[in-house]
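Report on the structure given below.
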Amino acid sequence: MHTSAAEEEVDPGGDDPTTLTSMNNLAETYGAQGRTAEAAALHEQALQKRTRILGTDHPATLTSMNNLALTYWAQGRTAEDLARQGIRGGWSWNKEGREATAAWLEEREKQGGHA
């Protein structure tokens, strides 16, 4: 039986940084198609793996944080949702990072647009 990529749980077969970039790109594609639940799930996976492999301050990890924040925003979720995901996801932000992300999301919500 043939299944599409969307029907399968995405486990790209490892923690290779190139694979994680592809996971991020697929999540971005899902988001562009309005499939924000699928996009969020992939962004969460990519962020957790990038944080574990690359660390919290690596540019690719920060990109994943940004992409997840934008996906949450597109879903109408709040900065608090993002902070809770960070705690539940097994990765941690420092306090300054959480506060900066929350402030950025709140400003975007006030302006009614993306960055």
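Read-outs throughout are calculated quantities, based only on the coordinates presented, and are distinct from any laboratory measurement. The structure presented is a predicted model; accordingly, all values stated were derived computationally and were not measured. Positions of Cβ are backbone-derived with ideal geometry, glycine not excepted, and every protein chain shown enters the neighbour counts.
What is the order of Leu47, Leu26, fewest Cβ neighbours within 10 Å to most?
Values: Leu47 28, Leu26 19.
Placing the least packed residue first, the sequence is Leu26, Leu47.
Using the basic label-point model (7 angstrom from Cα toward the beta carbon), what is the Ala103 to Thr29 distance in nanometres?
Once both label points are built, they end up 3.7 nm from each other.
Points 7 angstrom from Cα along the Cβ direction at Thr63 and Ala41: gap in nanometres?
2.4
Using a 10 Å cut-off around each Cβ, can you sort Thr56, Thr61 from fewest to most neighbouring Cβ atoms?
On the way: Thr56 16, Thr61 22.
Ordered by Cβ neighbours within 10 Å, fewest first: Thr56, Thr61.
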